[in-house]
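Remarks on the structure that follows.
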Amino acid sequence: MKIAIAGGIGFEKEVLEILVNNQVLLVGSSYDLKREKFQRFSNVEFIGEFFTRSYEVFFADYDIFIDISESLKSKFILNDMSVKFQKKYISLFYDKSWKLGVFNPRLSCLECLLEFKRTGPSFLIPEAPQQEVLAKIREAVIEKNGGSYCIDLSDGEIVKIPLLESCKVSAGELRFLRGEMDDVVAVSCSDVSVAVTPMEEMKLDLDYYRKVLSAETKIIGQNSFYLEFKIHHLNVLLFRHGRIIVKGTKEKNTAMAVYRRYIGN
């Protein structure tokens, strides 16, 4: 079986071990901000990038899609691909507790269950229960002709996911694949920085971010327009409309990792 995975959760190695008898493509993995490098894998086809809609052409020929990233936006992009190509989709996500959704796109999809909204910093989310995740992914991969359902990994409760009549994705409106929700990443070589700008309108509470980030980063300063903080060798400006500028790098994956981990995506 051919399985395409959007990674980033941190235990990709263990996921790959339970899928060892399959042909696997892994896009992205845990990212080391200090060294500005992905954890790399040599025993599968691995692409050291964060998953975006650009990988549609790579995923088209695979039988099952799995998202174990820390990005909710990644999960909705892959959901669009699942519906477009009519492929089973397995998604790990946090919504008050860790859950694993298994979707048969002929019946329903992730958007029938969950509305997309900006999440907070991923470092605030409790660690995923690794053994439960691995066991349920293994079961979902080998399951034949199943429906769409969601497992709460805290108590094992299983809920079936019916088609939401108002679901635009199931009706073929794939806004994430069309790029309507893209984050725009721009590299500036002149001052060694990368900017990430969200496509959708938003307004952040900079006081909230100063409070939560002070435990994980060094706060440099704040005014009514932006918050500045430091991570390792990187200086980050977070603007109230959601844009960030990461100074000290020309690596776009570094900026995306900062956004996912400390801002939310």
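The values are calculated or read from the model by the stated rules, or taken from the named source; none is laboratory data. Not measured: the values here are computed from a predicted model. Cβ: placed from backbone, ideal geometry, glycine included. Neighbour counts: every protein chain shown.
When you scan the range 157-167, how many residues do you find that are at pLDDT 95 or above, charged (D, E, K, R) and part of a loop (DSSP other than H, G, I, E, B)?
1
Inside the range 134-151, can you point out the residues that are of a type in the set (A, V, I, L, M) and outside any helix (DSSP H, G or I)?
The answer is ILE151, and nothing else.
Using the structure shown, decide if THR254 is part of a helix (DSSP H, G or I), touching a residue at least 12 places away in the same chain (Cβ under 8 Å) and more than 18 Å from THR119 (Cβ to Cβ).
In short, yes.
For the list (1) in a loop (DSSP other than H, G, I, E, B); (2) in the same structural domain as ILE9 (by TED's automatic domain parsing); (3) surrounded by fewer than 16 Cβ atoms within 10 Å (Cβ to Cβ), I need the number of the one condition that GLN131 fails.
The number of the failed condition is (1).
Please work out which one of (1) farther than 17 Å from LEU113 by Cβ; (2) among the acidic types (Asp, Glu); (3) without any contact (Cβ under 8 Å) to a residue 60 or more places away in the chain is the condition ASP95 fails and give its number.
(1)
Looking at VAL246, is it surrounded by 18 or more Cβ atoms within 10 Å (Cβ to Cβ), within 23 Å of GLU56 (Cα to Cα) and not assigned by TED's automatic domain parsing to the domain that holds GLU36?
It is false that VAL246 is surrounded by 18 or more Cβ atoms within 10 Å (Cβ to Cβ), within 23 Å of GLU56 (Cα to Cα) and not assigned by TED's automatic domain parsing to the domain that holds GLU36.
What number of residues within the range 215-231 are surrounded by 14 or more Cβ atoms within 10 Å (Cβ to Cβ) and not hydrophobic (A, V, I, L, M, F, W, C)?
5
With the requirement that a residue be out of contact with any strand residue (DSSP E or B) (no Cβ under 6 Å at 6 or more places or on another chain) and among the charged types (D, E, K, R), what does the range 27-48 give you?
ASP32, LYS34, ARG35, GLU36, LYS37, ARG40, listed by residue number.
Can SER154 be described as over 23 Å from GLU36 (Cα atoms), of a type in the set (S, T, N, Q), part of a loop (DSSP other than H, G, I, E, B) and under 23 Å from the mean Cα position of the chain (by Cα)?
Here the answer is yes, as SER154 does meet what is asked.
Could you figure out which of (1) surrounded by fewer than 18 Cβ atoms within 10 Å (Cβ to Cβ); (2) within 29 Å of ALA255 (Cβ to Cβ) isn't true of MET1?
With respect to (1) surrounded by fewer than 18 Cβ atoms within 10 Å (Cβ to Cβ); (2) within 29 Å of ALA255 (Cβ to Cβ), MET1 is out only on (2).
Taking TYR259, is it under 25 Å from LYS75 (Cα atoms), hydroxyl-bearing (Ser, Thr, Tyr), out of contact with any helix residue (DSSP H, G or I) (no Cβ under 8 Å at 6 or more places or on another chain) and not assigned by TED's automatic domain parsing to the domain that holds LEU124?
Numbers: under 25 Å from LYS75 (Cα atoms): yes; hydroxyl-bearing (Ser, Thr, Tyr): yes; out of contact with any helix residue (DSSP H, G or I) (no Cβ under 8 Å at 6 or more places or on another chain): yes; not assigned by TED's automatic domain parsing to the domain that holds LEU124: yes.
Against the criterion (under 25 Å from LYS75 (Cα atoms), hydroxyl-bearing (Ser, Thr, Tyr), out of contact with any helix residue (DSSP H, G or I) (no Cβ under 8 Å at 6 or more places or on another chain) and not assigned by TED's automatic domain parsing to the domain that holds LEU124), TYR259 qualifies.
Which of the following residues is within 14 Å of the chain's Cα centre (by Cα), small (Gly, Ala, Ser) and within 23 Å of LEU16 (Cβ to Cβ): SER91, SER82? Break it down into steps so the answer makes sense when it comes.
On the way: SER82 fails: within 14 Å of the chain's Cα centre (by Cα).
Matching residue, one of SER91, SER82: SER91.
Looking only at residues in the range 188-214 that are in a loop (DSSP other than H, G, I, E, B) and over 23 Å from the mean Cα position of the chain (by Cα), which one is surrounded by the fewest Cβ atoms within 10 Å (Cβ to Cβ)? Lay out the reasoning, then the answer.
Of all residues in the range 188-214, those in a loop (DSSP other than H, G, I, E, B) come to 189-192, 199-205, 214.
From what is left, the residues that are over 23 Å from the mean Cα position of the chain (by Cα) are 189-192, 214.
Details: CYS189: 7, SER190: 5, ASP191: 9, VAL192: 12, SER214: 11.
Residue satisfying both the conditions and the ranking: SER190.
Scan the range 12-35 for residues that are part of a strand (DSSP E or B) and surrounded by fewer than 16 Cβ atoms within 10 Å (Cβ to Cβ) and jot them down.
GLN23, ASP32
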